[in-house]
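Have a look at the structure below, then the notes.
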Amino acid sequence: MLQTTKRSDSPVSIIGAGIAGAWQALLFAQAGHSVTLHERGDAAMTDATSHWAGGMLAPWCEAEVAEPIISRLGQRSLDIWRRELPDTPFNGSLVVAHPRERNDFERFARMTDGHRRLDATALAEIEPSLEGRFRDALFFPAEGHVEPRRVLPKLHERIVAAGGTIKFGSDVAAADLANLHPKGIVIDCRGLGARDEQPELRGVKGEMILIETSEVQLARPVRLIHPRWPLYVIPREADLFMLGATSIEAEDTGVSVRSALELLGAAYAVHPAFGEARIVEFGSGLRPAYPDNLPRIGVRGGKISVNGLYRHGFLLAPALAELTLSYVERGQIDNEVMQCA
Ligand SMILES: Cc1cc2nc3c(=O)[nH]c(=O)nc-3n(C[C@H](O)[C@H](O)[C@H](O)COP(=O)(O)OP(=O)(O)OC[C@H]3O[C@@H](n4cnc5c(N)ncnc54)[C@H](O)[C@@H]3O)c2cc1C
């Protein structure tokens, strides 16, 4: 439910240039606000969780395990991605399974909508590399995907083009910014870095592997039904594929042998030619999550925090930025996502 309170034209400081902060900065700058985006890392963004993400924009697939709010905000985000970055690929996504995971595949089909079933021939028509590989597949035609390491710099460029300022190497505290601009607004998008003020945040480790081969071509992410994790292969530019992602309640970094075996095994199961691919990179990121795994916009006076994007940062960030902007400009409150002190 939406309520109206107030409007503000104050300068806006955003902390954290990951996917959450980048979308906040872009929408606020485009709306004519004076925006400064502070990032403690450099422009390569390797310290951000966003650097390690798959970048799938998959609100219908995610509905298998996520709350309805993720689908609602995710579908809204797809419209914003299309509007702001029209070259975002919306080639859909595929879900496939081995015969032994048949029951889980059928369950996935029942738990989700927005898909149609492809037989082996129809699957080979849209993904020729998968000819003869699977009896059938679920096709989610409206879903998209982005390449995080390309899309973050693109968003940063767009922020500057819209009149915003980005300061890399700027490790700031919200309290200092509030003292500097007493009438300003601070939007804290520090991800796990915000734990000093929000101890309930935790990191959920996601491991990924980047491989390279010219033997397989895919136009869209392919998810393989797996008893423990939704494993997937995402095509990147230049013959690269990202294999992801585990979901582990741990905050160490690195990739375990067991996870590597499962990720590489999933790729091999999608296509045996992946067995000949070159391994380019192993890596992991910590997804910032609240205990309920749901995103939250917290409002306390002129300080707003946007966090808990968990497995859905790329999917949710545009819609969360739109909600924050609506709150600042028109005082609109979305009670499902916002908590006002
Ligand atoms: C393996 C993996 C796969 C994933 N796949 C997907 C997917 O397919 N689709 C999807 O939607 N999501 C996916 N996610 C989830 C997504 O990556 C996260 O939800 C998202 O990156 C969180 O973004 P964020 O901006 O909140 O945090 P971050 O990306 O961590 O950004 C926070 C930034 O704040 C900066 N910072 C911290 N403290 C300060 C300070 N004091 N001053 C200045 N800057 C500061 C940090 O340096 C960092 O750059 C995946 C995650 C992982 C790990």
For the stretch 295-313, does any single residue satisfy the condition of being in contact with a Cys (Cβ under 6 Å, 6 or more places away or on another chain), within 16 Å of the ligand (Cβ to nearest atom) and not basic (Lys, Arg)?
yes
Can you confirm whether Lys183 is away from the ligand (no atom under 15 Å from the Cβ) and of a type in the set (D, E, K, R)?
yes
Test set (1) surrounded by 20 or more Cβ atoms within 10 Å (Cβ to Cβ); (2) within 14 Å of the ligand (Cβ to nearest atom); (3) farther than 30 Å from Gly184 by Cα - Gly92 fails condition number
(2)
Residues located in the stretch 210-248, provided they are more than 13 Å from the ligand (Cβ to nearest atom) and over 23 Å from Asp136 (Cβ atoms)
Ile211, Glu212, Thr213, Ser214, Glu215, Glu237, Ala238, Asp239, Leu240
Starting from the stretch 75-104, take each residue that is within 20 Å of Glu322 (Cα to Cα) and list its partners that are part of a helix (DSSP H, G or I) and polar (S, T, N, Q), counting only C-beta distances under 9 angstrom and pairs at least six apart or across chains.
Glu84/Gln30
Could you check Ala266 against (1) assigned by TED's automatic domain parsing to the domain that holds Gln217; (2) assigned to a strand (DSSP E or B); (3) buried (at least 21 other Cβ atoms within 10 Å of the Cβ) and say which number it fails?
(2)
Candidate set from the stretch 43-72 (those that are of a type in the set (Ser, Thr, Tyr) and under 26 Å from Phe168 (Cβ atoms)); member that is nearest to the chain's Cα centre (by Cα)
Ser50
Subset tally (residues that are in a strand (DSSP E or B) and among the β-branched types (Val, Ile, Thr)) for the stretch 17-48
2
Selection within the stretch 123-141 - in a loop (DSSP other than H, G, I, E, B) and surrounded by fewer than 16 Cβ atoms within 10 Å (Cβ to Cβ)
Glu131, Gly132, Arg135, Pro141
Of all residues making up the stretch 166-182, the number that are surrounded by fewer than 17 Cβ atoms within 10 Å (Cβ to Cβ) and closer than 24 Å to Phe314 by Cβ:
3
Taking the residues in the stretch 49-69 that are part of a loop (DSSP other than H, G, I, E, B) and closer than 26 Å to Asp252 by Cα as candidates, determine which candidate is farthest from the ligand (Cβ to nearest atom).
Val65
Could you tell me whether the stretch 130-148 includes any residue that is of a type in the set (Asp, Glu), without any contact (Cβ under 8 Å) to a residue 40 or more places away in the chain and within 23 Å of Leu240 (Cβ to Cβ)?
yes
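The values are calculated or read from the model by the stated rules, or taken from the named source; none is laboratory data. In this text, all values refer to a predicted model and were calculated from it rather than measured experimentally. Using ideal geometry, Cβ is built from the backbone for each residue, glycine included, and neighbour counts are taken over all protein chains shown.
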